[in-house]
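Nothing in this text is a laboratory measurement; each read-out follows from the coordinates by a stated rule. Worth saying up front: this structure is predicted, and the values here are computed from it rather than measured. Here the Cβ is made from the backbone with ideal geometry for all residues, glycine too, and neighbour counts use every protein chain on show.
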Amino acid sequence: MRELRFRRFWSLAGLALVLGTLVVCLTPATGAQPVFRGVDKLEHAAAYFVLTSWFAALMQRRHYGWVVVAMLLLGLSIEVAQQLMGLGRVADWRDLLANGTGVAAGLIVALASRESWFARIERWLAPA
């Protein structure tokens with residue numbers, strides 16, 4: 001992990017994001033359909049973009065591969081759980097594709113910066 005002053009906070013907030021994702025994805029389907037077709041795929045991509053960029057900001061660059069694997073496994077696990085739980089949710093390979101797109105975008109953003117965006121926020125909040 002990176003050396004960050006508020007690493008515990010960033011880590012716990014990341015865990016909260018993962019738990020929130022699990023709750024949203026594994027609660028029974030409400031039956032409400034999005035206004036525009038495919039909006040849920042944008043939601044998947046956005047969620048995995050946020051998760052990937054969040055955890056990449058916590059990790060050293062040499063561990064980005066593990067972040068990618070973890071995010072892809074999270075998405076796959078959720079799809080399998082949705083299929084198995086029988087509460088109105090079904091697995092969809094297009095969700096996995098959208099998740100992967102979000103992971104790739106998050107990784108690109110992480111790689112584009114030499115520094116964690118958490119470090120920038122920490123300097124802004126609490127200058128040394």
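Summary of computed values
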{"read-out": "Cα gyration tensor shape for the range 1-64, rounded if a/c is under 1.5, else prolate or oblate", "value": "prolate"}
{"read-out": "GNM flexibility winner over the chain from Met59, Met71, Met85 (Cα, springs under 10 Å)", "value": "Met85"}
{"read-out": "Longest exposed-site-free window of the chain, the sites being chymotrypsin sites (Phe, Trp or Tyr not before Pro) in a DSSP loop that have at most 16 other C-beta atoms within 10 Å", "value": "37-128"}
{"read-out": "Taking the convex hull of Cα positions in the range 57-120, its mean projected area over all directions (nm²)", "value": "4.9 nm²"}
{"read-out": "Correct option for Rg and Dmax of the Cα atoms in Å [calculated from the coordinates] among [x] 14.5, 47; [y] 16.0, 53; [z] 22.2, 68", "value": "[y]"}
{"read-out": "Qualifying trypsin sites (Lys or Arg not before Pro) in the range 9-99, DSSP loop, other Cβ atoms within 10 Å at most 13", "value": "Arg37"}
{"read-out": "Sparse-neighbourhood loop sites, GluC sites (Glu not before Pro) in the range 51-128 - DSSP loop, at most 14 other Cβ within 10 angstrom", "value": "Glu115"}
{"read-out": "Backbone N under 12 Å from the Asp40 label point (7 Å along Cα→Cβ), restricted to the range 92-124", "value": "92-96"}
{"read-out": "Computed [θ] at 222 nm, helices only, for the chain once each DSSP H run of length n ≥ 4 contributes -39500 (n - 2.57)", "value": "-24000 deg cm²/dmol"}
